[in-house]
Amino acid sequence: MKIKLDPEIRLNELIYCVALFCEVAAMLVSMTTIPYMVDTDSCNQFLKLLRYSGYLIVCIKMVLDSYKEREFISLCAAILLLAINCLFATRVIFLTFLFIFGMKNLDLERMLKYTFQWMAIGCLLIILGSQLGIIANWGYDLDSARPRYAIGFFYPSHATSLIVYIALVYIALKKDSLKLWHIIVLELFNYWQYKQTDSRTGSALLLLIGVTFLIIKHYKKDFSKSIFGFFSVLAFPVCAVVSVLACYVYPASGIWLKINSFVTNRLEYGHRAIQKYGIHLFGNDITWIGNGGIGHIYADYKDEYNYVDCSYVKLLLENGILIWILIITGFTLAVFFAVKYNRKYLAVALAFSAVYSIIEPRLMELGFNPFILTLVVLFDHHVSFFSVVNKVQRRLFGPVIRLEKD
């Protein structure tokens, strides 16, 4: 067996990182109060230009990539499906998938590491700016028994959601290097942000994340054959199907009312949205109303509140059955490969994101959820994160090593 180094991988990686940074930076700023502290229209135009620059750059990387016949056919089929969906829905999911296509031949772990660093630094700067009075710290329901602050973001839950995903990516990258003090620092920060945002579900999940990963760290048996691995693989399909079915059949009576109250009316709004927009093969172009900003950029909603907080229902209504199946299949495959190759931290982190997506709508927003990049398993089955890669090479950020039989 001989070792072959790909001399182009570094250039492709650099191109992709520039594109990815444009997307993450634009999304981070757009979810804060910054656009409303300056000329909002000009700021939004700049952020749009930044994002579309990223899309153009990642397309250049895709053109430079080489493809086997089977890979090229599957890529073209996916692009065609997404393009057809744009005729019925928005082009958001199509543009997001460009970054998934662009992940071909790249090291997933390194891309997650870069994205984590950008998100963590950005999140800390936004929160620090809000506490120093540099960035507007919007308050919600300040006259109620449950006052909430958005700590620099557009809405309080945005901050908590971002922190949840940052924590999951961090733990997935630390793996067995995870220490007790890491979890203690995380939970202390979690307590502080909870006191500010009063985002109860996300904060409770962060507490559970810390405890669970301490257990996983000390679990020494073969993860691929364990109960943890089994349930991790089932996480996305089970959470997706149960969420959609629960909202579809919601009868608004008996125990269902208590469940709906516990999840802050998510079942009711999901049911209403399904009844109003319907479930189709392709998606709908839906204007969502109710995602924060009330009392700050407008006094009341322009139309009836219709926002759906469940990612699975939201994705199904926006993008239709075919794209929904593609996304759930991709995440399930990502967990399957992570379990198969004993990447237990990644597998459990993905499982947590599956559970969180029941009550969180940003599963397919790259500025929140970097695990979107794992969907590359749909088109490139030789993702280096799931294969044996020389540890010294990875530590030194050298080129990806590909092994070929003599």
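Of all residues in segment 178-196, none are part of a helix (DSSP H, G or I), open to solvent by 40 Å² or more (accessible area, probe 1.4 Å) and touching a residue at least 60 places away in the same chain (Cβ under 8 Å). Checking each residue in segment 106-141 for being open to solvent by 40 Å² or more (accessible area, probe 1.4 Å), out of contact with any strand residue (DSSP E or B) (no Cβ under 8 Å at 6 or more places or on another chain) and of a type in the set (S, T, N, Q) picks out 117, 131.
Here is a yes/no grid of residues against (1) in a loop (DSSP other than H, G, I, E, B); (2) more than 15 Å from residue 244 (Cα to Cα); (3) in contact (Cβ under 8 Å) with a residue 12 or more places away in the chain; (4) under 14 Å from the mean Cα position of the chain (by Cα):
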{"position": "306", "(1), (2), (3), (4)": "yes, yes, yes, no"}
{"position": "317", "(1), (2), (3), (4)": "no, no, yes, no"}
{"position": "324", "(1), (2), (3), (4)": "no, no, yes, no"}
{"position": "335", "(1), (2), (3), (4)": "no, yes, yes, no"}
{"position": "347", "(1), (2), (3), (4)": "no, yes, yes, no"}
{"position": "355", "(1), (2), (3), (4)": "no, no, yes, yes"}
{"position": "362", "(1), (2), (3), (4)": "yes, yes, yes, yes"}
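Return the residue satisfying two criteria in turn: it lies in segment 277-298 and is open to solvent by less than 40 Å² (accessible area, probe 1.4 Å) and at pLDDT below 80, and of such residues it is farthest from the chain's Cα centre (by Cα). It comes out as 293.
Do we have any residue at all in segment 85-105 that's part of a helix (DSSP H, G or I), of a type in the set (D, E, K, R) and touching a residue at least 40 places away in the same chain (Cβ under 8 Å)? There is no residue in segment 85-105 that is part of a helix (DSSP H, G or I), of a type in the set (D, E, K, R) and touching a residue at least 40 places away in the same chain (Cβ under 8 Å). When segment 34-52 is filtered for residues that are open to solvent by less than 80 Å² (accessible area, probe 1.4 Å), more than 26 Å from residue 131 (Cα to Cα) and among the aliphatic types (A, V, I, L, M), only 50 remains.
If the condition is being under 30 Å from residue 347 (Cβ atoms) and open to solvent by 70 Å² or more (accessible area, probe 1.4 Å), then segment 242-276 contributes 242, 245, 248, 259, 262. Contact map, segment 113-141: first residue in a helix (DSSP H, G or I), second residue polar (S, T, N, Q) and open to solvent by 20 Å² or more (accessible area, probe 1.4 Å), Cβ cut-off under 6 Å, separation 6 or more or different chains; pairs are 130/137.
Looking only at residues of segment 142-153 that are assigned to a loop (DSSP other than H, G, I, E, B) and open to solvent by less than 20 Å² (accessible area, probe 1.4 Å), we find that the one that is farthest from residue 196 (Cα to Cα) is 152.
Residues in segment 197-211 that are surrounded by 17 or more Cβ atoms within 10 Å (Cβ to Cβ) and assigned to a helix (DSSP H, G or I): 197, 201, 202, 203, 205, 206, 209, 210.
The values are calculated or read from the model by the stated rules, or taken from the named source; none is laboratory data. Everything numeric here is computed off the predicted structure, so don't read it as measured data. Cβ sites come from the backbone with ideal geometry, for glycine too, and all protein chains shown count toward neighbours. Note: accessible area is taken over every heavy atom of the protein model, side chains too, but ligands, DNA and RNA are not part of it. Shrake-Rupley method; radii C 1.70, N 1.55, O 1.52, S 1.80 Å.
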